[in-house]
Amino acid sequence: MSDPATVAAEVRAELTGPGGPWETVVEDVLGEPVRVFARRRPHLRAMLEDQVARFRDRDCLVIDDLHITYDELRDRVASTAARLAEEYGVGKGDRVAILAANCPEWVIAFHATASLGAVVAALNGWWTAPEIEHGLTLTEPKVLIGDTKRLARADGFPEGLPVLDLDQRPEFFAPSGAALPDVEIDEDDPALILFTSGTTGRAKGATVSH
């Protein structure tokens, strides 16, 4: 009987070795040698396009009676990205804050923001008014997207900050035939700001790249 450690090493080599489905190599990442996937997608927009090409008319998002296919998700993301750019001036490097429950609009807003090369500030949906204020002050978003319930929990917003209530403007996330943005995105560009729990003080934002 083969030694478990030997079997594990063989399986790992088959999966991550040269020619394997998850082949890994060591590359320079921001000045440091890091083991990475050899055939990774360069950014989240490319990952979305790859998933659409593979699954197209299969369900991607399902909530109650609403079914959104991969094709439709791409169309909604592209159209939402166009509206974010045209209506709010969102561009590469800008922050877009999202304060909402899990819903299709959250996913669409996330991918639309990332597709523009902008950065999602994912605000905690359970936050209190002071915590929401802190998150917005810290990230300085170009626009805040939220649902009615969570927006109502905030005690006002920074002066001049546009607020998009997804419950009041569902058409903002509807498909319109727009194409995905073609802005250049590097895999080390920031894509997401996630917050720590803040159990011993104010929550800190941790930046995650594409």
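The values are calculated or read from the model by the stated rules, or taken from the named source; none is laboratory data. What you are looking at is a predicted structure, and each value in this text was computed from that prediction instead of being measured. Please note: Cβ atoms are built from the backbone with ideal geometry, for glycine as well, and neighbour counts cover all protein chains shown. To get the accessible areas, we keep the full protein, side chains included, count just its heavy atoms, and leave off ligands, DNA and RNA. Shrake-Rupley method; radii C 1.70, N 1.55, O 1.52, S 1.80 Å.
Failed condition for ILE68, given (1) under 20 Å from PHE157 (Cα atoms); (2) in contact with a strand residue (DSSP E or B) (Cβ under 7 Å, 6 or more places away or on another chain); (3) surrounded by fewer than 23 Cβ atoms within 10 Å (Cβ to Cβ), with all others met?
Answer for ILE68: the failing condition is (1).
Considering only the stretch 50-64, I want to know if a residue exists there that is among the acidic types (Asp, Glu), open to solvent by 10 Å² or more (accessible area, probe 1.4 Å), modelled with pLDDT under 95 and out of contact with any Pro (no Cβ under 7 Å at 6 or more places or on another chain).
Step one: list which residues in the stretch 50-64 are among the acidic types (Asp, Glu), which gives 50, 57, 59, 64.
With open to solvent by 10 Å² or more (accessible area, probe 1.4 Å) added as a condition, the list becomes 50, 57, 59, 64.
Checking which are modelled with pLDDT under 95 leaves us with 64.
Now restrict to residues that are out of contact with any Pro (no Cβ under 7 Å at 6 or more places or on another chain): 64.
Yes, the stretch 50-64 contains at least one residue that is among the acidic types (Asp, Glu), open to solvent by 10 Å² or more (accessible area, probe 1.4 Å), modelled with pLDDT under 95 and out of contact with any Pro (no Cβ under 7 Å at 6 or more places or on another chain).
Would you tally the residues in the stretch 103-129 being more than 24 Å from GLU187 (Cα to Cα) and in contact (Cβ under 8 Å) with a residue 12 or more places away in the chain?
8
Tell me which of these GLY160 doesn't satisfy, since it passes every other one: (1) open to solvent by 30 Å² or more (accessible area, probe 1.4 Å); (2) within 21 Å of ASP94 (Cα to Cα); (3) within 21 Å of the chain's Cα centre (by Cα).
Evaluating GLY160 over (1) open to solvent by 30 Å² or more (accessible area, probe 1.4 Å); (2) within 21 Å of ASP94 (Cα to Cα); (3) within 21 Å of the chain's Cα centre (by Cα) leaves (3) as the failure.
Is it the case that ASP75 is exposed (fewer than 13 other Cβ atoms within 10 Å of the Cβ) and either more than 22 Å from ILE132 (Cα to Cα) or of a type in the set (Val, Ile, Thr) (or both)?
On the way: exposed (fewer than 13 other Cβ atoms within 10 Å of the Cβ): no; either more than 22 Å from ILE132 (Cα to Cα) or of a type in the set (Val, Ile, Thr) (or both): yes.
The answer is no for ASP75.
Could you check the stretch 183-197 and list, in sequence order, the residues that are small (Gly, Ala, Ser), over 22 Å from ILE145 (Cβ atoms) and touching a residue at least 24 places away in the same chain (Cβ under 8 Å)?
Filtering the stretch 183-197 for residues small (Gly, Ala, Ser) gives 191, 197.
Filter again for over 22 Å from ILE145 (Cβ atoms), leaving 197.
Matches in the stretch 183-197: none.
Provide a single number: the residues in the stretch 164-182 that are open to solvent by 40 Å² or more (accessible area, probe 1.4 Å) and in contact (Cβ under 8 Å) with a residue 12 or more places away in the chain.
The qualifying residues number 7.
Yes/no matrix, rows are residues, columns are (1) more than 24 Å from ALA114 (Cα to Cα); (2) in a helix (DSSP H, G or I); (3) more than 21 Å from the chain's Cα centre (by Cα); (4) of a type in the set (A, V, I, L, M):
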position	(1), (2), (3), (4)
ALA9	yes, yes, yes, yes
VAL25	yes, no, yes, yes
ASP28	no, no, yes, no
VAL34	no, no, yes, yes
ARG40	no, no, no, no
ASP50	no, yes, no, no
ALA53	no, yes, no, yes
